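The values are calculated or read from the model by the stated rules, or taken from the named source; none is laboratory data. The structure displayed is predicted, hence computed values, not measured ones. Every residue, glycine as well, gets a Cβ built from its backbone with ideal geometry; the counts of neighbours run over all protein chains shown. The accessibility values were calculated without ligands, DNA or RNA, using every heavy atom of the protein model including side chains. Shrake-Rupley method; radii C 1.70, N 1.55, O 1.52, S 1.80 Å.
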Amino acid sequence: MISFKQFSLEKPLNPAQRIARSRVMKRLMPKIQMKRKLAMKKKASFDQLKSRSVKKATDIVRKKLAKGDYSSMTYSQKIQIDKKLEKKKGLIKKLSKKLIPAIKQAEADRIQKAKENP
C-alpha cells in the first residue's frame, strides 16, 4: 500500500486507473474513517501541516487551471488539468510555504474547539 505522499506525487491517472483506485478506496473506506476519527483527537505534526499546505496549494492552482468545477469534469479533462498542474510544481511549493501560518492557525483553532466540545 502506498502512502498519501507517494499517492499525491504520482503521475496523472488514466480512466482505467481512476476506476481501479476508486474500487480500492471504497474497500478501504471503513478503515480510513476509523483512523481519521482517532487522528482528529491528536495535534497534527509539522509534516502533516506541511502536506496539508501542499494539498491546499495544489487545490488552489488546480481551481485556477480548471476555470470551473474540477470534480464535474470528464476524465480526459482532468488528465489535461493534471498534466498542466505537474508543470506548476514550483508555484505550488512557493504557495504552500505562504499557506503554512494559516494552516497552523486553523489547526490551533480546531484543537481548541475540540477541547471545548468533547
Check: Which condition does S71 not pass, out of (1) over 23 Å from D47 (Cβ atoms); (2) more than 17 Å from the chain's Cα centre (by Cα); (3) of a type in the set (G, A, S); (4) assigned to a helix (DSSP H, G or I), if it passes all the others?
Finding: (2)
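Among the residues of the stretch 96-107, are any charged (D, E, K, R), under 30 Å from A16 (Cβ atoms) and surrounded by 13 or more Cβ atoms within 10 Å (Cβ to Cβ)?
No - not one qualifying residue is present in the stretch 96-107.
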Notebook entry, point to check: If you check every pair at least six apart or on different chains, which have Cβ atoms under 7 Å apart with a residue in the stretch 10-22 that is among the basic types (K, R) first and a residue that is part of a helix (DSSP H, G or I) and surrounded by 12 or more Cβ atoms within 10 Å (Cβ to Cβ) second?
Noted result: R18/Y75
Margin query: So, in the stretch 102-115, exactly how many residues are under 16 Å from the mean Cα position of the chain (by Cα) and touching a residue at least 60 places away in the same chain (Cβ under 8 Å)?
Written below: 1
Notebook entry, point to check: With respect to M34, is the statement that it is assigned to a helix (DSSP H, G or I), among the aliphatic types (A, V, I, L, M), open to solvent by 90 Å² or more (accessible area, probe 1.4 Å) and closer than 30 Å to E116 by Cα true?
Noted result: yes
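Across the stretch 45-76, what is the total count of residues that are of a type outside the set (F, W, Y), farther than 25 Å from Q105 by Cα and open to solvent by 50 Å² or more (accessible area, probe 1.4 Å)?
Here the count works out to 6.
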Margin query: Out of L99, L49, L28, I need the residue that is part of a helix (DSSP H, G or I) and over 16 Å from the mean Cα position of the chain (by Cα). Which one?
Written below: L28
Item checked: Selection count where residues are open to solvent by 50 Å² or more (accessible area, probe 1.4 Å), assigned to a helix (DSSP H, G or I) and without any contact (Cβ under 8 Å) to a residue 24 or more places away in the chain, scope the stretch 82-92 -> 2
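Could you tell me whether I79 is buried (at least 16 other Cβ atoms within 10 Å of the Cβ), at negative phi and either assigned to a helix (DSSP H, G or I) or among the aromatic types (F, W, Y) (or both)?
It is true that I79 is buried (at least 16 other Cβ atoms within 10 Å of the Cβ), at negative phi and either assigned to a helix (DSSP H, G or I) or among the aromatic types (F, W, Y) (or both).
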